[in-house]
Amino acid sequence: MEDFLNGRSNKFIRHLQFQDVNQLRLLEQIKALLLGKASNPIAAIERFIKKEAGAGKKVEVNPHALTYDRYELSKDVREEILESAIMLLS
């Protein structure tokens, strides 16, 4: 610990480099994630049920696990919200 405090760890810190990030590309990736079509989590549960039942296993599922009542905003509204958030960061 004493070596760290005396600055001997600086040799490690001087060589620490971060990857350059293309901010426009990153912004486009974020937009694609946030504005893309939402997936239905029930589909994953259904695939699991079919796989396990197909393997001969007994599968019981709580009916509440199959409830999917997500309120979906239109893409226009989501775009507006995202653009507002981006403007606030600028």
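Coupling constants for region 16-33 follow from the phi torsions by the Karplus curve (6.51 cos²θ - 1.76 cosθ + 1.60, θ = phi - 60°), and in residue order they are 6, 10, 9, 5, 5, 10, 7, 5, 5, 5, 4, 4, 5, 5, 5, 4, 4, 5 Hz; glycine and proline get x.
Across the options Leu73, Ser39, Ala53, the greatest Cα extent toward the positive end of the charge dipole of region 37-90 (unit charges at beta carbon of Lys, Arg, Asp, Glu) belongs to Ala53.
Quick note: the coordinates plus some simple rules give every number you see, no bench work behind them. In this text, all values refer to a predicted model and were calculated from it rather than measured experimentally. Counting neighbours? That spans all protein chains shown, and the Cβs are built from the backbone with ideal geometry, glycine included.
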